[in-house]
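What follows is a set of notes on a single structure, which appears directly below.
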Amino acid sequence: MVRAAPIVSLLLIPVVAVRLAGECREDPAVQMDEQAAESHLLAKKNPELPPERLRLFRVQRVVVLVTVDREGAICDARAVRGPEDLRQPAERAVRKHWKFRPFLVNWKPVVAQFPVTVDFVRPGTEPQLKAEL
């Protein structure tokens with residue numbers, strides 16, 4: 001008795017464009033300085049210093065270049081200055097714990113880019129900023 005080989009079907013899955021975390025749909029329309037962007041800051045939480053650095057430093061700073069989309073969501077955060085081993089934790093902290101109001105130009109929301117300074121602090125030494133919407 002001869003057995004037929006099983007038929008293998010090929011399943012075609014359509015490719016859908018998905019916006020990945022860290023990707024902005026548009027280029028920034030506005031470049032601002034940290035001081036101007038601070039007026040749109042709703043909430044932030046700076047990360048704590050890693051235990052091995054507590055004896056050496058009180059505060060460590062990392063500058064992160066942030067891009068905020070038209071809805072005020074952070075669509076990109078890239079560390080541009082600061083200790084190498086603290087750059088990724090700074091980017092994660094900004095993406096997870098910092099919130100901004102949308103930036104408006106002529107009463108229309110725009111994509112904005114600006115630097116922020118992330119201070120790594122000793123545990124329990126910094127009050128957290130939370131603003132009302």
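What about VAL94, is it out of contact with any Asp or Glu (no Cβ under 8 Å at 6 or more places or on another chain) and either closer than 20 Å to ARG25 by Cβ or modelled with pLDDT of 95 or more (or both)?
Values: out of contact with any Asp or Glu (no Cβ under 8 Å at 6 or more places or on another chain): yes; either closer than 20 Å to ARG25 by Cβ or modelled with pLDDT of 95 or more (or both): yes.
Here the answer is yes, as VAL94 does meet what is asked.
Mind listing whichever residues of the stretch 66-79 are part of a strand (DSSP E or B), without any contact (Cβ under 8 Å) to a residue 40 or more places away in the chain and within 17 Å of GLU38 (Cα to Cα)? If you could, list the steps in order and put the result at the bottom.
Just the residues of the stretch 66-79 that are part of a strand (DSSP E or B), to begin with: 66-68, 74-79.
Still in the running and without any contact (Cβ under 8 Å) to a residue 40 or more places away in the chain: 74, 78-79.
Once the filter is applied, which keeps residues that are part of a strand (DSSP E or B), without any contact (Cβ under 8 Å) to a residue 40 or more places away in the chain and within 17 Å of GLU38 (Cα to Cα), the stretch 66-79 yields only ILE74.
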Residue that is surrounded by the most Cβ atoms within 10 Å (Cβ to Cβ), among those in the stretch 76-86 that are touching a strand residue (DSSP E or B) at 6+ places or on another chain (Cβ under 7 Å) and at pLDDT below 95: LEU86
The stretch 80-126, subset assigned to a strand (DSSP E or B) and without any contact (Cβ under 8 Å) to a residue 24 or more places away in the chain, residue farthest from VAL62 (Cα to Cα): LYS108
Just the residues that are over 15 Å from the mean Cα position of the chain (by Cα) and surrounded by 17 or more Cβ atoms within 10 Å (Cβ to Cβ), please, taken from the stretch 41-52. GLU48, LEU49
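Output the residue which, of all residues in the stretch 28-60 that are within 15 Å of HIS97 (Cβ to Cβ) and assigned to a loop (DSSP other than H, G, I, E, B), is modelled with the lowest pLDDT. Working first, answer last.
First, the residues of the stretch 28-60 that are within 15 Å of HIS97 (Cβ to Cβ): 41-48.
Within this subset, residues satisfying the condition of being assigned to a loop (DSSP other than H, G, I, E, B) are 45-47.
Working: LYS45: 87, ASN46: 81, PRO47: 84.
Per the criteria, the residue is ASN46.
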Of the conditions (1) β-branched (Val, Ile, Thr); (2) outside any strand (DSSP E or B); (3) in contact with a Pro (Cβ under 7 Å, 6 or more places away or on another chain), VAL63 satisfies every one except a single condition; which number is it? (2)
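The values are calculated or read from the model by the stated rules, or taken from the named source; none is laboratory data. From a predicted model like this one, the values you see are computed outputs, not experimental measurements. Don't worry about glycine lacking a Cβ; one is built from the backbone with ideal geometry, like all the others, and counts go over all protein chains shown.
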